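First the structure, in the form of structure tokens, and then the observations on it.
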Amino acid sequence: MTVDIRTLDLDDIETLIDWAAAEGWNPGVVDASAFHAADPKGFLGAFVDGVMVAGISVVAYDDDFGFLGLYICHPDFRGQGYGRAVWDAGMTYLGNRIVGLDGVPEQQANYQRMGFAADYETVRMGGVLRRVAARHCHIEVLDSVEPVRDVDQACFPARRDRFLEAWISPPHQALVAMRDGQPCGYMVVRACRKDRKIGPLFAADLASARDLIGAIEGVVQIDVPQYQTGLLAELDALGFSAQFRTARMYRGPAPALRREQIFGVTSLELG
């Protein structure tokens, strides 16, 4: 059958996110519009007889960095080359950029064959938070990217204002930690198909991260870099449990970031 590769519209992206939910990835309930804002041309689908059979997100944040996610072939069409067709189209779209992805263990060897190398492991932690008064920072509602742009750029490989403007907007809950009149971290919480997810959680230090997560309560999930042993120990003490693991992988050199300030990744789909 002839495969037609084309850019996905917002409704198609919603469908792809529904597929991700069916795979157990637990996406957010209103992710599609923010994802689309990051790069309207960065979502591709393989169509056969007008039906989408596979999809991928290949968001080009700038001329140097892109992120790959939502790489899914519908179960009814697997093993027929449609996934590879949309993968090849996505990598062509990203060109010579450094490309990041978060790979589940069973796919990491495949990604290595495609030229990706693991940088660090991420563990999804799930549990119940209880509100705790901030001790080191003043926690405020975040309603603009401007106060945290520098914080974000220290922890993410590219400027992503369009995405962040949508990501911090309601119904998502966005909070910024202030110390001595300056931002020292920020966090976004969003409703997902199951419970809520924290991401990103970027902070100058563990104390600032602790104050941010202490500002919310309820059942949450957060994707924590394995090297953040202090936060993982504190979550473990709160009764959180590890739910699954992924590896952050890059094609090309790993970007130079303030890794010690990354306590929770923004999303496994867009980095």
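The values are calculated or read from the model by the stated rules, or taken from the named source; none is laboratory data. The structure presented is a predicted model; accordingly, all values stated were derived computationally and were not measured. All Cβ positions, even for glycine, are placed from backbone atoms using ideal geometry, and neighbour counts span all protein chains on display. Surface accessibility is based on the protein's heavy atoms, side chains included, excluding ligands, DNA and RNA. Shrake-Rupley method; radii C 1.70, N 1.55, O 1.52, S 1.80 Å.
Quick notes on this structure:
- Contact order relative to length of the chain, as percent, for alpha carbon pairs under 8 angstrom and 6 or more apart: 24 percent
- Calculated FRET value between D205 and N96, using beta carbons and R₀ = 35 Å, to 0.05: 0.45
- Between R6 and D63, the contour length at 0.36 nm per residue exceeds the alpha carbon distance by 18.4 nm.
- A full extension of the chain between V141 and D88 corresponds to an added length of 14.9 nm, given 0.36 nm per residue minus the alpha carbon distance.
- Rolling a 1.4 Å probe over the protein heavy atoms of the range 39-155, with every protein chain left in place, gives an accessible area that is 47 percent carbon and sulfur.
- Three semi-axes of the equivalent ellipsoid, the range 130-271, Cα gyration tensor, whole Å, largest first: 20, 19, 16
- Size of electric dipole in the chain: Cβ of Lys, Arg +1 and of Asp, Glu -1, about Cα centre, debye, nearest 20: 560 debye
- Longest site-free stretch - the chain; sites: GluC sites (Glu not before Pro), DSSP loop, at most 13 other Cβ within 10 Å: 24-216
- For the range 59-160, a crude dipole built from +1 on the beta carbon of Lys and Arg and -1 on the beta carbon of Asp and Glu, taken about the Cα centre, is about 360 debye to the nearest 20.
- Backbone geometry of the range 251-256 corresponds, through the Karplus equation with coefficients 6.51, -1.76 and 1.60 at θ = phi - 60°, to 3J(HN,Hα) couplings of 9, x, x, 5, x, 7 Hz, x marking Gly and Pro.
- The share of C-alpha pairs in the chain whose separation exceeds 32 Å stands at 20 percent.
- Solvent exposure of the chain, expressed per residue, is 43 Å² of accessible area, with all protein chains present and a 1.4 angstrom probe.
- Förster-model FRET efficiency, 30 Å R0, A109 and V48, C-beta, rounded to 0.05: 0.60
- Looking at the range 108-159, the trypsin sites (Lys or Arg not before Pro) that sit in a DSSP loop and have at most 11 other Cβ atoms within 10 Å of their own Cβ are R130, R131, R135.
- Residue-span extension gain [A133 to Q226] - 0.36 nm each, minus C-alpha spacing: 30.8 nm
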